[in-house]
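The values are calculated or read from the model by the stated rules, or taken from the named source; none is laboratory data. If you're wondering where the values come from, they're calculated on a predicted model, not measured in any experiment. Cβ: placed from backbone, ideal geometry, glycine included. Neighbour counts: every protein chain shown. Ligands, DNA and RNA are stripped out before the accessible areas are found, and what is left, the full protein with its side chains, is counted by its heavy atoms. Shrake-Rupley method; radii C 1.70, N 1.55, O 1.52, S 1.80 Å.
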Amino acid sequence: METELQADRETGTDVELLTLDELTARTGVSARNVRFYASRGLVPPPVRRGRSGYYGPDHVARLELVRELQGHGFTLSAIEKYVEQIPATATPSDIARHLSLLAPVTGDRDVDVPGGLSGMGISPDAAEAVAEVYAEHGRQVAEELSEIVRTKVWPQFREAGYTAEQLREFIHRLKPLTIAGLVTAYEQAIDDSQASYDAKRPR
C-alpha cells in the first residue's frame with residue numbers, strides 16, 4: 001500500500017499519515033474513542049484520501065492532550081471547555097506547550113493553603129488573601145515562562161531538529177527547577193526583608 005503523506009504545517013516537510021489502527025497503536029486510544037472525540041470536536045476529523053481516513057501529528061498531539069486532561073481528573077465537559085480555547089490552527093508544538101503545563105511536578109498539588117493557615121490561628125480573610133497571592137504569582141510565573149518557551153526555547157529546539165515530545169520532556173524537567181528556584185528566591189527575599197527591618201529598628 002502506498003504511504004500517505006501530508007505537508008507538516010510547522011516545517012513544510014512531508015510527514016507520514018497514520019491509519020486508524022496505527023493511530024490507536026501510537027496513542028493507546030481505542031478506535032471507538034477516537035471517533036467519539038472527533039464527534040465532540042476534541043480532535044479534527046480524519047484527512048480523507050478517497051474513501052479512507054488518515055491521521056497526522058495534529059491528531060496525535062490532541063489525543064495525547066485529551067488523555068493527559070483525563071489523567072488530571074477533568075470531566076468530559078471540562079475537557080471540551082479546555083479544548084475550545086485552543087485554536088484550530090494550533091500546531092503540535094502549540095499542543096505540546098499545553099501538555100507541558102499539565103505535566104506532573106514534584107510536590108503536593110492538593111495543599112490547602114487557607115486551611116493550613118487557619119489552623120495556625122490566621123483569620124479566614126487573611127488566609128484567603130495569602131492563598132490569592134500564591135495563586136496570582138503562580139499564574140504570572142507560568143504565563144511568563146510559557147512565553148519564554150514559545151519565543152526563545154521552541155525556535156531553538158525546532159532549528160536543532162527537536163520534536164514537540166522533546167520540548168515537553170524539557171519543560172517536564174524544568175518544572176522542578178522552577179519550583180526550587182522560586183523557593184530559593186522567596187527565602188532570599190524574606191531574609192533580605194528581615195535584615196532591612198532589623199536595620200531600621202531603633203536600638
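General remarks:
- Residue match in the stretch 93-100 (condition: modelled with pLDDT under 75, open to solvent by 70 Å² or more (accessible area, probe 1.4 Å) and either touching a Leu at 6+ places or on another chain (Cβ under 7 Å) or polar (S, T, N, Q) (or both)): no
- Looking only at the stretch 39-64, residues that are in a loop (DSSP other than H, G, I, E, B), touching a Lys or Arg at 6+ places or on another chain (Cβ under 9 Å) and surrounded by fewer than 21 Cβ atoms within 10 Å (Cβ to Cβ) come to 1 in all.
- Candidates are the residues of the stretch 70-82 that are over 11 Å from residue 37 (Cβ atoms) and either open to solvent by less than 40 Å² (accessible area, probe 1.4 Å) or assigned to a helix (DSSP H, G or I) (or both); the one that is modelled with the lowest pLDDT is 71.
- Of all residues in the stretch 12-38 being assigned to a helix (DSSP H, G or I) and among the small types (Gly, Ala, Ser), the one that is most open to solvent (accessible area, probe 1.4 Å): 25
- Qualifying positions in the stretch 141-164 - in a helix (DSSP H, G or I) and open to solvent by 70 Å² or more (accessible area, probe 1.4 Å): 143, 144, 147, 148, 150, 152, 156, 158, 159
- Residue check, residue 62 in contact with a helix residue (DSSP H, G or I) (Cβ under 8 Å, 6 or more places away or on another chain), farther than 28 Å from residue 166 by Cα and modelled with pLDDT of 90 or more: no
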